[in-house]
Amino acid sequence: MDRALCPVLIGRERELSRLEDALLDAHRGNGQVVVLAGDAGVGKTRLAMELQERARRAGTAVMVGTTSEADVALPYLPFIEAIGNYLAGADLERIKLDLGPATCRQLGQLLPQFELQTSLIDPGEPAQAKLRLYEAILVLFRYAAERRGLLLVLEDFHWADASSRELLEYIARRLRRRTRMLLLVTYRSDELNRRHPFLPLIQGWQRTGVAELIQLEPLPASGIASMVSAIFENAPVEADLRDFLHERTEGNPFVLEE
């Protein structure tokens, strides 16, 4: 049986407003980092998709990268996916010309769209080589954000590999320097135990004001009723059915749609 998808976003008006404010602030040149947390099925992806749609309608460039449990060992995968999809719809030759050969050579180590000429790359110390790569990626993000602003969404980051976490940390701590970019990172709260390697990053960002944390909670009974009504074309929902469904689903939108 197919899922009964709710045609509208229900019960997330406050969180969506906060995200739109962050995007507007980013457009003004104040780079923003927002972490969207919540249990599986609570609506993180749906909320992120709604923000993406609104950003695109406003002319903002959008990049989206995802991570799955099966991809946990693949270095930098969410960044490669996000940048690759962006480049597929862009004027690549124009980008190469604007970025310059030095930056493109660094990007070529990670992205096949930029031809890698190993003979022209001085490997140097491993730490220095990594720093040059990270800086080149940051240059690309700033380039994409310069004219239209940029929304970069990285989903399910609790499954990201160590290299992706390191790159994320590098970028997140440098966004507020006149960068018209909103970085939105999502993760499952129920996947992060006290020893999870992503947890120290989030805690550090909160302590130093690098990122804002938005915690998505389960929907109240009224939200569940609104979802059911929207799914069935504004049909009325009796209180007994509302309470029954809220108890059975524990306020989880995905479980309700299933």
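The values are calculated or read from the model by the stated rules, or taken from the named source; none is laboratory data. Since we're looking at a predicted model, the values are computed, not measured. Heads up, the Cβs are rebuilt from the backbone with ideal geometry, glycines too, and the neighbour counts pull from every protein chain shown.
Based on this model, can you work out whether residue 160 counts as of a type outside the set (Phe, Trp, Tyr) and over 23 Å from residue 87 (Cβ atoms)?
For residue 160, the condition - of a type outside the set (Phe, Trp, Tyr) and over 23 Å from residue 87 (Cβ atoms) - is not met.
Restricting attention to the range 134-159, which residues are crowded, with 18+ Cβ neighbours inside 10 Å and either over 22 Å from residue 75 (Cβ atoms) or among the acidic types (Asp, Glu) (or both)?
Passing the criteria: 142, 145, 149, 150, 151, 155, 156.
Filter the range 238-252 down to residues that are loosely packed, with under 11 Cβ neighbours inside 10 Å and modelled with pLDDT of 75 or more, then give me how many there are.
2
Being modelled with pLDDT of 95 or more and either buried (at least 20 other Cβ atoms within 10 Å of the Cβ) or closer than 25 Å to residue 170 by Cα (or both) narrows it down to one residue among 74, 24; which is it?
Only one candidate qualifies: 24.
Hey, residue 235 hits all of (1) farther than 30 Å from residue 171 by Cα; (2) modelled with pLDDT of 80 or more but one; which does it fall short on?
With respect to (1) farther than 30 Å from residue 171 by Cα; (2) modelled with pLDDT of 80 or more, residue 235 is out only on (2).
Taking the condition of being of a type outside the set (D, E, K, R), surrounded by fewer than 22 Cβ atoms within 10 Å (Cβ to Cβ) and in contact (Cβ under 8 Å) with a residue 60 or more places away in the chain, how many residues in the range 169-183 meet it?
1
I need a count of the residues in the range 142-171 that are of a type in the set (Gly, Ala, Ser) and not in a helix (DSSP H, G or I).
So the answer is 2.
Would a scan of the range 205-223 turn up a residue that is crowded, with 18+ Cβ neighbours inside 10 Å, under 30 Å from residue 83 (Cβ atoms) and of a type outside the set (A, V, I, L, M, F, W, C)?
Within the range 205-223, none of the residues are crowded, with 18+ Cβ neighbours inside 10 Å, under 30 Å from residue 83 (Cβ atoms) and of a type outside the set (A, V, I, L, M, F, W, C).
Restricting attention to the range 196-221, report how many residues are on the phi < 0 side of the Ramachandran plot, free of Cβ contacts under 8 Å to residues at least 60 places away in the same chain and of a type outside the set (D, E, K, R). Before you say what the answer is, go through the steps one by one.
Start the filter on the range 196-221 by keeping residues that are on the phi < 0 side of the Ramachandran plot, which leaves 196-208, 210-221.
This time we only want the ones that are free of Cβ contacts under 8 Å to residues at least 60 places away in the same chain, so: 196-201, 203-204, 206-208, 221.
Retained after the next criterion (residues that are of a type outside the set (D, E, K, R)): 196-201, 203-204, 206, 208, 221.
Total meeting the criteria: 11.
Of the numbered conditions (1) of a type in the set (D, E, K, R); (2) under 30 Å from residue 22 (Cα atoms); (3) at pLDDT below 95; (4) loosely packed, with under 12 Cβ neighbours inside 10 Å, residue 115 satisfies every one except a single condition; which is it?
Status for residue 115: all satisfied but (2).
Which pairs do you get when a residue that is assigned by TED's automatic domain parsing to the domain that holds residue 147 and under 13 Å from residue 213 (Cβ atoms), found in the range 19-34, comes within reach of a residue that is assigned to a helix (DSSP H, G or I) and among the acidic types (Asp, Glu), reach meaning Cβ atoms under 7 angstrom, with the pair 6+ apart or on two chains?
32/25
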